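Remarks on the structure that follows.
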Amino acid sequence: MTVLTEKKAPAAEEVTKAAGRPQGRIRRALSTHWYAWAMVAPVVAVIGVIIGWPLIRGVYLSTTNANEANVERTIGVNHIPATYESVGLENYTTILSDGVFWDRLIWTLVWTVSCVTLSFTLGLALAVMLNRKLKGRTFYRMALILPWAVPAFVSVFTWRLLFNEKNGLFNSLLAGGGIDAIPWLNDPTWAKLSVIAVNVWLGVPFMLIAMLGGLQSIPADLYEAAEMDGANAWQRFRHITLPGLKPVSSTVVLISGIWTFNMFPVIFLLTRGGPGDATEILVTYAYRLSFVVSPRDFAGSAAWGVLILVLLSLFAVVYRRALRKQGDVW
Amino acid sequence: MSTSTATKKPRARGERGPLASVGLHVTLVVASLIAVFPPLWLLVTSLKPKDEAFTTDLVKDFTFSNYAHVLGETEFLTWLGNSLMVVGLTTVIGVFISATTGYAVSRFKFPGMRPLMWLLLITQMFPVAVLIVPLYNLLATLGLLNQPVGLVITYLTIAIPFCAWMMKGYFDTIPVEIDEAGRVDGLNPFGTFWRLILPLAKPGLAVTGFYAFITGWAEVAYASAFMTGEENLTLAGGLQTFVNQYTSDWGSLTAAAVIVAVPAAVIFGFAQRHLVAGLTAGATKS
C-alpha cells in the first residue's frame, strides 16, 4: 500500500489517457483512490516501522536461543556482538509439551471468563437500577464510576494496602470480630480470588456506563406496549431489555475480554504473579521470563508472545463477526 | 420521589412501592460504598503520620507530612514530569497521525481497506508480551533505553491503532451529506477533511486524545521494563519504589497516589460520557 502511495502524484495526472489498457486498471484505481491511500499512508508507514519490524524480529527471536548472556550488548566501552543461533521450533515444542503453559492458559481463561462475567452482570444490574427515576441518581452514578476514574495502578496499590496480611484493614477488622487473619495475597486460592475481586471492582464502571448508554437507546414505547399486553417485569427485561442491549453488550464483552486477557498491571502490581506462579496469566508469565528471572530468557519469552498473539487473533475473528452483525461494512 | 403519594392512588407506570424503593436505595448505597471505599481509604491513609499507616481508625493525628515528604524529598516531581512528557507527546503524535486514517476508513471504500482494518483491529489487541522483547532489544541497540523518546515510540505502538479506530467511530457519526456539500462546492477530499470535518470532529479528537492519555498514564509493563534509575522512572514505575521487598513506605505511596489520582479523576468525570460513546460507536446508533 505504501509503495503505491508514493506514485500517487504522476498517476493522478495521467489518469485520462491510461484507462482501458492492462496497467490502465491500476492507474484508474490510483486516480480514484490515491487520496484515500495518501490519508492512510502515515499510519501504515508508522505501524510498519514500529510494530511490523519488532514483530518480525520477535518471531525470529522465538526461533533462536537468545538470552541475556548472548544478545548484542555494550558493557562499558566493549561492544559484544550477538552469539545466539537458530534452534528452529524447539522453543515452541518445549513450551507446548511443558505443563506450565497449559496451566497458565487455563488460569488465564478462568480469570478472563470470571472477571468479564462478574463485571458484566454487576454492571448490567446496577445500570438497570440507575436507569429509573431515582433520588440521588447523579450521586450514585458519580460514586459508582469512581473506580474507573482513578488510574488503575493507584487503585491496585490501595488494594494491596487493604489486603496486607499482617496489619491490613480487612484482617484488622476480621481480628476485631475474632476471626483469624486471611492470607489474601499469600495463599494460592485466596490470591486468585483477590485478583479477580480487584479486577471486577475495576471493570464494573465501564460496563455500567456502557449498559446505561445501551438502555437509553431502547425506545420507551416498547415497554409501554409490553405492559399493555400484560408482560410482567421479568418478561419485559427478558424480551425487551436483553435483546435491545445485545449490540452494545457483545461489543463491550469482547473489548473487556481482550483487556482482561492482557491485564498486566493488576496481576503484576498486586501479587507479582505469586505466590509461586499461582496468579500468573500468560502475559505476565512472558514478562517474567524476559525481565524477572535470571538469566533472562528472551527467546522463550518471544515464543510465549507469539503463542498469545495466535490466541488473540482468534478473538479478533470473533470480534469482527460481532461488528459485522451490527452493520459494519468492511 | 412519588413513593409517598403512591399509597393513596393506584401506582402509575414506572413508580415503585415503598419496599422496592428502599431495596433499590439500599443496594445502590452498598454498591457505592464498595466503589468509593478504597480511594477514600487511600486519602485517609495519606493524611495519617507514617507510623500509623495501618491503624484502623480514621485520621487521629491529621498531618500533611507525607505530602511534604513526597514533594520535597523524593523524585516524585521528576517522575511526574517524565510521565507528563512521555504521555503528552504520545497523545499529540498519536492523534495527529491517525486522524486522517480514521477519516479515510470511515468515508472511502478503497482496495487495501479490509487488510488495514484487520491490521488496526489486531494491533489494538496486541498483548505487551508480543512486542516487549524485540522492542527492548531494538531500543537497547539504538541506545534509547532509559530515554523518554524510547518510551514514546513504544507507547505509539499502542496509541496509533487505538486512536485510528476511535476516530473512525467518531467520523462515522458525522453525516456524509456534509462531505457531499463540500465536494459540490469544489473542495477536494483533503479540503473537505481539513476545512469541514476536522472542525466538527474536535470533540472526537479531544476524547480520543484523552483516552490515549489515560491509557499511557496507567501503563505499567513497558515503563517498568524499559526505564531504570530513579531519575528516569515514570509515575507507574516510581510509585513501585515506595513499596517493594526492601521498603514499605505506605505514607509516601498513598500521598503520591492521591496527587496522581485527583486531577485524573476530575478530568475523567467530565469526559466519561463521551468515552463509552466513542468505544461503542456504531453499536448504539441503530
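Could you check region A:164-181 and list, in sequence order, the residues that are within 14 Å of B:TRP41 (Cβ to Cβ) and touching a helix residue (DSSP H, G or I) at 6+ places or on another chain (Cβ under 6 Å)?
The answer is A:GLY168, A:LEU169, A:PHE170.
Applying the selection to region A:260-274, what residues are touching a residue at least 24 places away in the same chain (Cβ under 8 Å) and assigned to a helix (DSSP H, G or I)?
A:THR260, A:PHE261, A:PRO265, A:VAL266, A:ILE267, A:LEU269, A:LEU270, listed by residue number.
Looking at (1) part of a helix (DSSP H, G or I); (2) surrounded by fewer than 19 Cβ atoms within 10 Å (Cβ to Cβ); (3) more than 7 Å from chain B (Cβ to nearest Cβ), which is the only condition A:ALA127 fails?
For A:ALA127, the exception is condition (2).
In the same structural domain as A:PHE291 (by TED's automatic domain parsing), in contact (Cβ under 8 Å) with a residue 24 or more places away in the chain and of a type in the set (A, V, I, L, M, F, W, C), is that true of A:LEU109?
Working: in the same structural domain as A:PHE291 (by TED's automatic domain parsing): yes; in contact (Cβ under 8 Å) with a residue 24 or more places away in the chain: no; of a type in the set (A, V, I, L, M, F, W, C): yes.
No.
So is A:ALA299 crowded, with 23+ Cβ neighbours inside 10 Å and either in a helix (DSSP H, G or I) or among the aliphatic types (A, V, I, L, M) (or both) or not? Walk me through it before giving the result.
Numbers: crowded, with 23+ Cβ neighbours inside 10 Å: yes; either in a helix (DSSP H, G or I) or among the aliphatic types (A, V, I, L, M) (or both): yes.
Answer is yes for this residue.
Any residue in region B:66-81 that is assigned by TED's automatic domain parsing to the domain that holds B:ALA255 sitting within a Cβ distance under 7 Å of a residue that is of a type in the set (S, T, N, Q) and not in a helix (DSSP H, G or I)? List the pairs, counting only those 6 or more apart or interchain.
B:TRP79/B:THR234
Tell me yes or no: at least one residue of region B:173-185 is at the interface with chain A (Cβ under 8 Å from one of its Cβ atoms), in contact (Cβ under 8 Å) with a residue 12 or more places away in the chain and closer than 30 Å to A:TYR319 by Cβ. Talk me through it step by step, then tell me what you get.
First, pick out the residues of region B:173-185 that are at the interface with chain A (Cβ under 8 Å from one of its Cβ atoms): none.
Looking for residues that are at the interface with chain A (Cβ under 8 Å from one of its Cβ atoms), in contact (Cβ under 8 Å) with a residue 12 or more places away in the chain and closer than 30 Å to A:TYR319 by Cβ, one finds none in region B:173-185, hence no.
Report every pair of residues separated by at least 6 positions or lying on different chains whose Cβ atoms are under 9 Å apart, first residue within region A:68-87 and hydrophobic (A, V, I, L, M, F, W, C), second loosely packed, with under 11 Cβ neighbours inside 10 Å.
Listed by first residue and then by second, the contacts come to A:ALA69/A:PRO295.
Answer with yes or no whether B:GLY102 is surrounded by fewer than 18 Cβ atoms within 10 Å (Cβ to Cβ) and either in the same structural domain as B:LEU253 (by TED's automatic domain parsing) or at pLDDT below 85 (or both).
Considered against the rule, which asks whether it is surrounded by fewer than 18 Cβ atoms within 10 Å (Cβ to Cβ) and either in the same structural domain as B:LEU253 (by TED's automatic domain parsing) or at pLDDT below 85 (or both), B:GLY102 comes out as no.
The values are calculated or read from the model by the stated rules, or taken from the named source; none is laboratory data. Everything numeric here is computed off the predicted structure, so don't read it as measured data. In this analysis, Cβ positions are derived from the backbone assuming ideal geometry, glycine residues included, and neighbour counts consider all displayed protein chains.
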